[in-house]
Every structure is written in C-alpha cells, then in structure tokens.
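The values are calculated or read from the model by the stated rules, or taken from the named source; none is laboratory data. Computed from a predicted model, the values in this text were never measured in an experiment. Ideal geometry is used to build each Cβ from the backbone, glycine not excepted, and the neighbour counts take in all protein chains shown.
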Amino acid sequence: MDEVKKMVSTSELDPGFKSDVLAHPDARGLNACFSCGACSAGCPIHEVFPDYSPKKLAKMVRLGMKKEVLNSPYIWYCATCCNCVEHCPQNVKFFDILNVLKNMAAKGGYAPAAWVEQTKHVMETGIVFAQEDSWVKKREVLSLRPLKEYVDKMRKIVEKTGIDKIKPRVNSK
C-alpha cells in the first residue's frame, strides 16, 4: 500500500526538533550524516518497505519534521540488524538514533497501540509474549523456574523507565 505524499508547510516545521534529538548522546552522530544513502541500501526493511528509509528519516529530523517523524510507523519497523551502521561510511549509529526517536515518540503520545499493549502485558506477566501451556510444562520438565517469578522485577524496570505512563497514539497510520 503506497503512502500518500503530503506537502509540508514551513509553518509545520519545528526548528528545535533537530536540537532536541541531538541533545541525546546516542543521537549525536546525526550531524555526521551526509545523506549518501548507504544506510538505506543495506537495510532489509527498506527492501520490503521502500518508504522505510533511514536516510529519509535523518533528513526529516534535520528539517524539523517532528510530527511526521514521531508519528511515522516506520520508526517502529527496524529489524535491529544494524546493517545501517555497518554500511555507513561516516559511522553514524542510526540504530541508536532510531531508539532516541522511538523514545521521543512514545513520550510524545505517538506510540503504536500494539507496543503499549505489549508493555502492559510485560508488567502483568513479566514476559513479552503469552505462554502456551506446553511451554510451561516443558519448563517444569527441564527444571526451569517459572517465568512469572520475574513479574516484580519487570514491573520495577517498566516503572523506572516510565514506560507505564505512555499512552497509545490516537491517529494510527
């Protein structure tokens, strides 16, 4: 499904957005990016979703397209393979920049509902994915501790990071 291209007015740009992103130590490499496109060329997600492009997202940050970047579903598509980092001739850690953008998006109310629901599940159960009964029995046979033992630790991590306060975005793309 092709994404509709939209013109952005200069009045919609946030000139402080780039500075806000660069204020995070993990995103400081953004200034070294000269938009060569090596990051996108090596990205397996870009092959499947051509509109997903680390190069494009970096440009959008530099232009101050805060709302478009933080509301973009593409910042959540990353496969965490770090091919973008491996291919970058400037050694820009785009994976780290993407994590900064995801955190900013989540704090700004742009988190996808599925991500928020998964976080709630972690707080309730201590695990990321629902367990099947067969897995629980297999853990018992192997004398492994039940995963639910970690619920309190996971809840503490989630609360310390503030993830439990994040609300899903209303206008999902």
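Okay, here's what the table says:
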quantity: Matching residues, the stretch 46-74, being over 12 Å from V8 (Cβ atoms) and among the aliphatic types (A, V, I, L, M); calculated: V48, L57, A58, V61, L70
quantity: Test result for N91, closer than 28 Å to K18 by Cβ, exposed (fewer than 14 other Cβ atoms within 10 Å of the Cβ) and modelled with pLDDT of 90 or more; calculated: yes
quantity: Any pair with Cβ under 7 angstrom, 6 or more apart, that starts in the stretch 31-60 at a residue that is in the same structural domain as V21 (by TED's automatic domain parsing) and ends at one that is of a type in the set (D, E) and in a helix (DSSP H, G or I); calculated: G42/E86; M60/E68
quantity: Scan of the stretch 28-73 for residues that are among the aliphatic types (A, V, I, L, M) and either touching a Pro at 6+ places or on another chain (Cβ under 9 Å) or surrounded by 15 or more Cβ atoms within 10 Å (Cβ to Cβ) (or both), ordered by number; calculated: L30, A38, A41, I45, L57, A58, M60, V61, L63, M65, V69, L70
quantity: Test for V48: is it touching a strand residue (DSSP E or B) at 6+ places or on another chain (Cβ under 7 Å) and modelled with pLDDT under 95; calculated: no
quantity: Condition broken by V122, with the remaining ones in (1) modelled with pLDDT under 95; (2) among the β-branched types (V, I, T); (3) buried (at least 19 other Cβ atoms within 10 Å of the Cβ); (4) in contact with a Phe, Trp or Tyr (Cβ under 7 Å, 6 or more places away or on another chain) satisfied; calculated: (4)
quantity: Residue check, A113 out of contact with any Phe, Trp or Tyr (no Cβ under 6 Å at 6 or more places or on another chain), touching a residue at least 12 places away in the same chain (Cβ under 8 Å) and closer than 24 Å to Y77 by Cβ; calculated: yes
quantity: All positions within the stretch 41-87 that are over 16 Å from D20 (Cα atoms), of a type in the set (A, V, I, L, M), in a helix (DSSP H, G or I) and within 11 Å of the chain's Cα centre (by Cα); calculated: I75
quantity: Selection within the stretch 102-145 - closer than 14 Å to N71 by Cβ and outside any helix (DSSP H, G or I); calculated: G108, G109, Y110, A111, P112
